[in-house]
1. Roughly how tilted is helix 88-98, in degrees to the nearest 10 and between 0 and 90, from the longest Cα axis of the chain?
2. How far, in degrees from 0 to 90, does helix 51-68 lean away from the longest principal axis of the Cα atoms of the chain, to the nearest 10?
3. What is the dipole size for the chain, taken about its Cα centre, with +1 at each Lys and Arg Cβ and -1 at each Asp and Glu Cβ, in debye to the nearest 20?
4. Can you pull the percent of the chain's accessible area that's carbon plus sulfur, 1.4 Å probe, other chains left in place?
5. How large is the helix-only mean residue ellipticity at 222 nm for the chain, computed as the sum of -39500 (n - 2.57) over DSSP H runs with n ≥ 4, divided by its residue count, in deg cm²/dmol to the nearest 500?
6. Quick check: from the Cα gyration tensor, does the range 39-102 come out rounded (a/c under 1.5), prolate or oblate?
7. What full-extension length gain, to one decimal in nm, is calculated for Val69 and Val24 as 0.36 nm per residue of separation minus the Cα-Cα distance?
8. Could you list the GluC sites (Glu not before Pro) in the range 1-108 that lie in coil according to DSSP, counting only those with at most 13 other Cβ atoms within 10 Å of their Cβ?
Amino acid sequence: MTDKIERINPEGLHSTPGYHHITVVEAGRTAYLSGQCPLDDSGEVVGKGDLDAQIDQVAANALTALNAVGAGPEHVMRSVIYVVSPDDEVLAKAWFRLNDSVIARAFSTASTLLGVAQLGYPGQLIEVDLTASLPD
């Protein structure tokens, strides 16, 4: 199925730190994952105040969710990353850690990184929203 996903960086647009400006997907089954939060299997926020620990939990949760529908990070066609911070350095750190995580390939596609004021759980610092094109 990954041969049905084309990632493009057209001439005339700025270079990127790993993502692509455009992702084209041949029609097929699509999975829309809810925002993956830094929650353990009991529903508790892990690593309160520790962005790295929360990123690792989000990545593990996202991999579990993708695997549950027969997909992997390579099948992701869109990602949106929310980080509680207005600081460019914190946002960049989150981007690079995600790109070193078990779901790193998910971020080679069309991707958006946002600094936000607050997320849904007390102490939550990051959330990742993924859309995947499911393999046949």
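1. Roughly 70 degrees, rounded to the nearest 10.
2. Approximately 50 degrees, to the nearest ten.
3. 240 debye
4. 50 percent
5. -7000 deg cm²/dmol
6. Because a/c hits 1.5 or more and a/b fails to exceed b/c, the range 39-102 counts as oblate.
7. Stretched fully, the Val69-Val24 segment lengthens by 14.1 nm.
8. Glu11, Glu26, Glu44
The values are calculated or read from the model by the stated rules, or taken from the named source; none is laboratory data. Not measured: the values here are computed from a predicted model. As a convention, Cβ positions derive from the backbone with ideal geometry for all residues, glycine included, and neighbour counts pool all protein chains shown. What goes into the accessible areas is simple: the full protein's heavy atoms, side chains included, and nothing from ligands, DNA or RNA. Shrake-Rupley method; radii C 1.70, N 1.55, O 1.52, S 1.80 Å.
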